[in-house]
Each structure stands twice: as C-alpha cells, then as structure tokens.
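Accompanying notes for the structure given below.
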Amino acid sequence: MAPALAIAGTNAVGIGTFAPALPQTSSRIQWANSNWGQRQAASLDAIATPAALDRDQPLFREGESADNVFEVTSGIIRVFKLLPDGRRQIIGFLETGDFLGLSFNENYLYTAEAVTPSSVRRFSRRRLDALIDENQEVRRRLMAITANELLTAQDQMVLLGRKTAKEKLCTFLMNLSRKAARRGLNATRISMPMGRADIADYLGLTIETVSRTITCLKTAGLIRLLENHKVELADAEAIAELADAA
C-alpha cells in the first residue's frame with residue numbers, strides 16, 4: 001500500500017515522506033479566477049503548504065485525525081469509503097480548486113487518493129479556523145463550498161438509486177463535460193483518466209457493466225474513444241437526454 005502524504009510536523013503512524021509540490025500556476029491567480037478577491041487569496045496563501053502526490057498515493061485515510069484541509073491544485077483525487085463487506089464506494093473525483101476535509105468531524109470520513117500525479121495545498125485546520133473567525137468573506141465562501149458538497153451527495157444518491165447503467169454513465173460523462181466547461185476547456189473532448197474500476201465503484205456498477213455500456217455508447221455513435229484517456233462526446237445532446245432521463 002502506498003504511504004499517505006506526510007506533512008512537515010505531523011506524526012501519524014505509517015505516513016511517508018513529505019513531498020514538495022512541483023512548480024505550477026500561481027495559486028493566487030486560481031483564487032482570483034474562482035471569484036476570490038486578492039485580499040482573501042493572499043490570506044489563504046499565507047497559511048498554505050504545497051505538496052505533491054504520486055499516482056495512487058493516499059492523501060489521508062478514513063478515520064485519521066482531521067488536522068488539515070486540502071485544496072487540489074492539479075491532477076485528480078478520488079475520495080471513497082470502504083463498506084462493511086470490504087467493497088469500495090467512490091463518492092467523488094476532485095479536481096483543481098476543489099477542497100477536501102471541510103467537515104466538522106474530528107476524523108476524516110473518507111479516504112482520499114491520487115488518481116493521477118497531483119498537487120495540493122494543505123491548510124492547518126487550526127489556522128484556517130482562525131482565519132474564518134476573522135474574515136467573513138472566507139467564511140462565506142467556504143460555507144458555500146460545504147453546501148455544494150451536500151448537493152453533490154444528494155445527486156450521487158439519485159445516481160446510485162434510480163438510474164440505469166446507461167443513464168449513470170451518461171450522467172458521469174456530462175458531469176465531466178460541465179467541469180471542463182467551467183475551467184474553460186473543451187466540453188466535448190473530455191479527459192477521463194480514471195480507470196474502469198474507479199468508474200464502476202463510483203457508479204455502483206461492475207467493471208464488466210461499465211465496459212459493456214461504454215461499448216454500447218460507442219457503437220451507437222454517441223461517443224468516440226481517443227488517445228491519452230480522452231473521450232469525444234459525438235452526440236452531446238443525446239447523452240444529456242439520457243443523463244436526465246431518471
């Protein structure tokens with residue numbers, strides 16, 4: 001098992017070596033582009049510690065002390081829970097600008113691992129709480145992020161409980177498309193770096209069902225599989241209709 005990401009100054013059992021993040025786009029530009037003012041961005045920059053994750057390396061594990069909050073600055077992070085029977089239920093894939101650990105629990109409620117080589121910023125919960133107490137704008141925006149997490153959880157319940165395999169996969173593709181559009185990327189040629197096992201554990205399907213459904217969509221001319229983990233939505237309107245069918 002890959003070691004969880006270590007942060008300088010932590011002493012959690014089994015945690016590996018702290019890895020400095022590689023150079024990347026200015027975090028302050030990212031905050032500003034996310035409608036965070038320069039003042040709020042500067043306040044967060046002052047308490048942030050960058051770090052890097054290898055593919056499949058845990059950021060933290062379910063049950064560990066929730067001493068830090070994290071922001072993804074590059075790559076893809078999967079978050080999941082292990083069910084009592086040992087099965088894995090992925091509850092989300094987080095990308096640049098997404099936060100992890102914004103809960104009020106003493107321990108993390110899920111495990112977070114890198115799908116691809118990724119970078120994050122770590123915020124000490126103690127220092128972030130102090131910033132929230134003194135900065136109303138930061139508090140308001142982080143509360144909005146938390147509220148959006150609840151809405152996402154509700155959408156996931158509908159996805160798992162009411163939709164067919166084809167509708168689930170189309171919903172997944174449309175969610176990736178919308179995320180790409182929000183980041184100013186091509187919304188019809190989307191990146192899908194997660195493997196079919198990850199997709200299956202997110203959608204509540206078997207790997208075989210995911211593979212058959214992808215083949216079905218491809219045969220119907222709705223999608224085209226491209227190189228470098230890219231998928232082209234050849235008929236985005238039809239995919240959207242299937243996604244909204246339930």
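The values are calculated or read from the model by the stated rules, or taken from the named source; none is laboratory data. Just so it is clear, the structure is predicted and the values come from calculations on it, not from any experiment. Here the Cβ positions follow ideal geometry from the backbone for every residue, glycine too, while neighbour counts run over all protein chains shown.
Scan segment 190-240 residue by residue and report those that are acidic (Asp, Glu) and free of Cβ contacts under 8 Å to residues at least 60 places away in the same chain.
Going residue by residue through segment 190-240, those that are acidic (Asp, Glu) are 198, 201, 208, 227, 232, 235, 237.
Within segment 190-240, 208, 227, 232, 235, 237 meet the criteria.
Where in segment 58-135 are there strands (runs of 3 or more DSSP E), lying wholly inside it, with at least 2 residues that are loosely packed, with under 14 Cβ neighbours inside 10 Å, in the same structural domain as residue 196 (by TED's automatic domain parsing) and under 16 Å from the mean Cα position of the chain (by Cα)?
Values: elements: 58-60, 68-74, 77-82, 88-94, 111-114, 118-124.
Counting at least 2 such residues, we get no strands (runs of 3 or more DSSP E) at all.
Being within 18 Å of residue 185 (Cβ to Cβ), surrounded by fewer than 16 Cβ atoms within 10 Å (Cβ to Cβ) and out of contact with any Leu (no Cβ under 7 Å at 6 or more places or on another chain) is the filter here; which residues of segment 226-239 pass it?
First, pick out the residues of segment 226-239 that are within 18 Å of residue 185 (Cβ to Cβ): 226-234, 236, 239.
Filter again for surrounded by fewer than 16 Cβ atoms within 10 Å (Cβ to Cβ), leaving 226-230, 232, 234.
Passing the criteria: 226, 227, 228, 229, 230.
So residue 81 ticks every box in (1) touching a helix residue (DSSP H, G or I) at 6+ places or on another chain (Cβ under 9 Å); (2) modelled with pLDDT of 90 or more; (3) among the basic types (Lys, Arg) but one. Which box is left unticked?
Among (1) touching a helix residue (DSSP H, G or I) at 6+ places or on another chain (Cβ under 9 Å); (2) modelled with pLDDT of 90 or more; (3) among the basic types (Lys, Arg), residue 81 violates only (1).
It is to be established whether one or more residues within segment 196-205 are surrounded by fewer than 16 Cβ atoms within 10 Å (Cβ to Cβ) and out of contact with any Gly (no Cβ under 9 Å at 6 or more places or on another chain). If you could, list the steps in order and put the result at the bottom.
Taking segment 196-205 first, the residues surrounded by fewer than 16 Cβ atoms within 10 Å (Cβ to Cβ) are 197.
Adding the requirement that they be out of contact with any Gly (no Cβ under 9 Å at 6 or more places or on another chain) leaves 197.
Scanning segment 196-205, I find at least one residue that is surrounded by fewer than 16 Cβ atoms within 10 Å (Cβ to Cβ) and out of contact with any Gly (no Cβ under 9 Å at 6 or more places or on another chain), so the answer is yes.
Residues that are over 22 Å from residue 77 (Cα atoms): list the helices (runs of 4 or more DSSP H) wholly contained in segment 173-246 that include at least 2 such residues. If you could, list the steps in order and put the result at the bottom.
Details: elements: 196-203, 207-219, 236-243.
Ranges flagged: 207-219, 236-243.
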